[in-house]
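All remarks here apply to the structure that follows.
The values are calculated or read from the model by the stated rules, or taken from the named source; none is laboratory data. Please read these numbers as outputs of a predicted model, since none were measured by experiment. Reconstructed Cβ throughout: ideal geometry from the backbone, glycine too, with neighbour counts over all protein chains shown. Please note that ligands, DNA and RNA were not included when accessible areas were found on the heavy atoms of the full protein model with its side chains. Shrake-Rupley method; radii C 1.70, N 1.55, O 1.52, S 1.80 Å.
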Amino acid sequence: MIVFAEQEQYLDEAAAVAQHLHMEVTLSEEEAGQEELILRYGEKGLSLTDSLSGKNVQQLRGDFTRMLPRLRQANLEREFLVKAARIKGSHEWERRPKAVDATAGLGEDSILLAAAGFEVQLFEYDPVIAALLRDALRRAAQLPELEAIVSRMRLQEGDSIRALRQIGECAREAERPDVVVLDPMFPERQKSALVKKKFQLLHQLENPCSTEEEMLEAALTAGPRKVVIKRPIKGAYLAGRRPDYSLSGKAIRYDCFTIARG
């Protein structure tokens, strides 16, 4: 993989991304075109692509502006994730409820939660996906309609399982998250030929979750009031554990574990 700067004016930003990811940076389309995957930095920010030209180019870029219709209050209240993550009585709290998105990806679930009033800690293990998400947050913060929402989102690159365990071991009651959201990538066998391009590229970077038991146990160990797990509508329960209840849409199911606090 290589980082390609579309024009010289973007070279400094592209070089910073390359340095963080320990990659080479180039202004040459010919050189970039020899790589299987390319991180492209230009006018629209950072994107991941498998080619710089051609008819069937796959491109992945974080873009929260596409979420704006879903972030409108009337539509937000109909989002199953928001319904699943709600904590009874939280509107009466003196603070905002806290959520951990342990598998942030490109942050679409996180921004729904942030728009619904949560302070959201995002974890993304893969450094390339984290770079795409960081750039999307940067661009969103410059837009008046998204600035306040993304100000409630904090990204941390790294292992969320370890972080959740540390929260459980060290955090005071007031510092524990109210909700932990898990969205392990769907198993390969459940993908179809019509799977969206963004997921085709994501699967080249990250394998489907193979540590289901560790992930669920870490989420429970963090001591939240609720754990919410995103699953295919007919998918098996994560780690084979039946939740307390589920909320289902047309294609996605949210399995919820509720935890009583002393």
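Has region 166-174 got at least one residue that is out of contact with any Pro (no Cβ under 8 Å at 6 or more places or on another chain) and surrounded by 15 or more Cβ atoms within 10 Å (Cβ to Cβ)? The answer is yes; a qualifying residue exists. Among the residues making up region 100-131, those that are touching a strand residue (DSSP E or B) at 6+ places or on another chain (Cβ under 6 Å), more than 21 Å from Thr211 (Cα to Cα) and among the hydrophobic types (A, V, I, L, M, F, W, C) are Leu113, Ala114, Phe118, Val120. Would it be correct to say that Asp135 is in contact (Cβ under 8 Å) with a residue 40 or more places away in the chain, touching a helix residue (DSSP H, G or I) at 6+ places or on another chain (Cβ under 7 Å) and surrounded by 16 or more Cβ atoms within 10 Å (Cβ to Cβ)? When the stated conditions are applied, Asp135 does not pass them. Among the candidates Glu77, Glu24, Glu31, the residue that is on the phi < 0 side of the Ramachandran plot and modelled with pLDDT under 95 is uniquely Glu77.
Table: residues versus (1) open to solvent by 60 Å² or more (accessible area, probe 1.4 Å); (2) without any contact (Cβ under 8 Å) to a residue 24 or more places away in the chain.
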{"site": "Phe4", "(1), (2)": "no, no"}
{"site": "Leu11", "(1), (2)": "no, yes"}
{"site": "Ala15", "(1), (2)": "no, yes"}
{"site": "Ala18", "(1), (2)": "no, yes"}
{"site": "His22", "(1), (2)": "yes, yes"}
{"site": "Glu30", "(1), (2)": "yes, yes"}
{"site": "Gly33", "(1), (2)": "no, yes"}
{"site": "Leu48", "(1), (2)": "no, no"}
{"site": "Ser51", "(1), (2)": "no, yes"}
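Once region 212-262 is narrowed to residues that are part of a loop (DSSP other than H, G, I, E, B) and basic (Lys, Arg), the residue that is surrounded by the most Cβ atoms within 10 Å (Cβ to Cβ) is Arg225. For region 98-116, residues that are over 16 Å from Gln156 (Cβ atoms) and at pLDDT below 95 total 0. Within region 210-224, residues that are within 22 Å of Glu173 (Cβ to Cβ) and at pLDDT 90 or above have Cβ atoms under 7 Å from residues that are open to solvent by 70 Å² or more (accessible area, probe 1.4 Å) and assigned to a helix (DSSP H, G or I) in these pairs: Ala218/Arg165; Thr221/Arg165, counting only partners at least 6 apart in sequence or on another chain.
Cβ separations smaller than 6 Å between residues 6+ apart or across chains give the following pairs from region 147-159 residues that are in contact (Cβ under 8 Å) with a residue 40 or more places away in the chain and closer than 24 Å to Ala222 by Cα to residues that are of a type outside the set (A, V, I, L, M, F, W, C) and surrounded by 13 or more Cβ atoms within 10 Å (Cβ to Cβ): Arg152/Glu119; Met153/Ser110; Leu155/Arg134. Among the residues of region 59-81, those that are farther than 22 Å from Pro232 by Cβ, open to solvent by 20 Å² or more (accessible area, probe 1.4 Å) and not aliphatic (A, V, I, L, M) comprise Gln59, Arg61, Asp63, Thr65, Arg66, Pro69, Arg72, Gln73, Asn75, Glu77. Hey, can you tell me all the residues within region 35-46 that are in contact (Cβ under 8 Å) with a residue 60 or more places away in the chain and either of a type in the set (Phe, Trp, Tyr) or under 22 Å from Arg139 (Cα atoms) (or both)? Result: Leu39, Gly45, Leu46.
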